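*Asks:* What follows is a single structure, and I will ask about it in a moment.
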Amino acid sequence: MTQSVLDKAFRDVVIANRILANEGVVDAYGHVSVRHPLDPTRYLLSRSRAPELVERGDVIEFDLEGKPIGGDTRPPYLERFIHGAIYEARPEVQAVVHAHAEAVLPFTVSTTPLRPVVHMASFIGARIPVWDIRDSFGDTNLLVVNMAQGRDLARGLGAERVVLMRGHGFAAAARSLPEAIRMSVYLPLNARVLTEAMRLGEVKALSRGEIEAHASMKPDDPAMWRAWEYWAVRAGCGDLLTARP
Ligand code: MN
C-alpha cells in the first residue's frame, strides 16, 4: 500500500511533465514537482532534464532545502528552490509548477495586472501578484538559485495560487498535481484572451463572486480528473495513468 502510493506519485510527476510539454506550457525549461505523499518534508522533482523527456528514473526526492535524498549526484534543476520554499511556506500545497510560458510574460513586465477573465481560469485567483527578484537581490541573472530567493518568492506568492516573476515566468501552487496542471495550462490561455480583449477595448473581468464560485471545486473533483486523463492521453502517456482516486 505504502509502496503503491509512492509509485503513483512518481508516475504522476512523469505524467505532469509530459502534459506541460505537450500543451506548450514548458519547453526545454520549466519544471513540476509534487510533495512526497508519505513525508511532507520532501518533494519529488526530475533531475535537470526537459519535461518532455522526463522518465520515472529521472525523478529524485529532495528535502525542502533542495538537497537530494540519498546523495543522488545527477545535476538538479538550478531553480529547484522555488519548490521547497513554497512547500515550506504553504503546508496545504501539494504540487508546484514553474514555467516561462510566453503569453504570461507581458504581464510580468507591465503594470497592467493579469486577471482571470475566462471561467476555465477562475481558479488562478482574483489577485495575481508580481514578484521582482531585483527588489531584494539587486541585479541577478533572474534565476531563483538559493533558499533565500525561494523564500522571498514564496512571500511574494503569499496566500495566492499564482505568482508572476518579473521578466521571467510564473510559479503556481496547487492542492494536487491535476490542479497544478490545470492552472498552468489555463493561465497562459487566460493571458492570451486578456491581451486580445485589451486590444479591442474595455475588458470585463470575472467578479470576485464568480471566482469564488469555482473555488469550491475539490482537487479530486471528477472534472479535474477529466482534464488530467485527457491531457495525459494526448501527451502519449495514458499508460502511466492510475485509476481515478
Ligand atoms: Mn525559470
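*Asks:* Please state which of the following conditions R182 fails to meet, knowing it meets all the rest: (1) in contact (Cβ under 8 Å) with a residue 12 or more places away in the chain; (2) within 17 Å of P113 (Cβ to Cβ); (3) charged (D, E, K, R); (4) part of a helix (DSSP H, G or I).
*Replies:* (2)
*Asks:* Next up: How many of the residues in the stretch 79-103 are within 16 Å of the ligand (Cβ to nearest atom), of a type outside the set (V, I, T) and not in a loop (DSSP other than H, G, I, E, B)?
*Replies:* 8
*Asks:* So I124 fits all but one of (1) closer than 14 Å to S184 by Cβ; (2) within 16 Å of the ligand (Cβ to nearest atom); what number is the exception?
*Replies:* (2)
*Asks:* Next up: Can you tell me which residues in the stretch 135-153 are assigned to a helix (DSSP H, G or I) and either within 15 Å of the ligand (Cβ to nearest atom) or of a type in the set (D, E) (or both)?
*Replies:* The answer is D135, F137, Q149, G150, D152, L153.
*Asks:* For the stretch 128-178, name all the residues that are among the charged types (D, E, K, R), surrounded by 15 or more Cβ atoms within 10 Å (Cβ to Cβ) and out of contact with any strand residue (DSSP E or B) (no Cβ under 9 Å at 6 or more places or on another chain).
*Replies:* R151 - this is the single residue of the stretch 128-178 that is among the charged types (D, E, K, R), surrounded by 15 or more Cβ atoms within 10 Å (Cβ to Cβ) and out of contact with any strand residue (DSSP E or B) (no Cβ under 9 Å at 6 or more places or on another chain).
*Asks:* Identify, please: which residue in the stretch 1-56 is in a loop (DSSP other than H, G, I, E, B) and touching a Ser or Thr at 6+ places or on another chain (Cβ under 7 Å) and is, among those, nearest to the ligand (Cβ to nearest atom)?
*Replies:* Per the stated criteria, the residue is V25.
*Asks:* Please enumerate the residues belonging to the stretch 154-179 that are more than 16 Å from the ligand (Cβ to nearest atom) and part of a helix (DSSP H, G or I).
*Replies:* Of everything in the stretch 154-179, those that are more than 16 Å from the ligand (Cβ to nearest atom) and part of a helix (DSSP H, G or I) turn out to be R155, L177, P178, E179.
*Asks:* Considering only residues that are in contact with a Pro (Cβ under 9 Å, 6 or more places away or on another chain) and of a type in the set (S, T, Y), which ones fall in the stretch 14-59?
*Replies:* Residues satisfying the conditions are Y29, S46, S48.
*Asks:* Which residues, taken from the stretch 57-75, are part of a helix (DSSP H, G or I) and either farther than 19 Å from G150 by Cβ or within 16 Å of the ligand (Cβ to nearest atom) (or both)?
*Replies:* Of everything in the stretch 57-75, those that are part of a helix (DSSP H, G or I) and either farther than 19 Å from G150 by Cβ or within 16 Å of the ligand (Cβ to nearest atom) (or both) turn out to be G57, D58, G70, G71.
*Asks:* Regarding the stretch 141-155, can at least one residue be identified that is out of contact with any helix residue (DSSP H, G or I) (no Cβ under 6 Å at 6 or more places or on another chain) and free of Cβ contacts under 8 Å to residues at least 24 places away in the same chain?
*Replies:* yes
*Asks:* Can I ask one more? For the stretch 1-48, give me the residue count where each residue is surrounded by fewer than 24 Cβ atoms within 10 Å (Cβ to Cβ) and of a type in the set (F, W, Y).
*Replies:* The total comes to 2.
*Asks:* May I ask you to list pairs of residues, at least six apart or on different chains, whose Cβ atoms are under 7 Å apart, with the first in the stretch 91-107 being at pLDDT 95 or above and the second being assigned to a loop (DSSP other than H, G, I, E, B) and of a type in the set (S, T, Y)?
*Replies:* Within 7 Å, the pairs are Q94/S176; A95/S176; H100/Y29.
*Asks:* May I ask you to list the residues in the stretch 108-131 that are β-branched (V, I, T) and in contact (Cβ under 8 Å) with a residue 60 or more places away in the chain?
*Replies:* T108, T112, V117, V118, I124
The values are calculated or read from the model by the stated rules, or taken from the named source; none is laboratory data. Keep in mind it's a predicted model, so treat the numbers as computed, not measured. Every residue, glycine among them, receives a Cβ derived from its backbone with ideal geometry; neighbour counts consider all protein chains shown.
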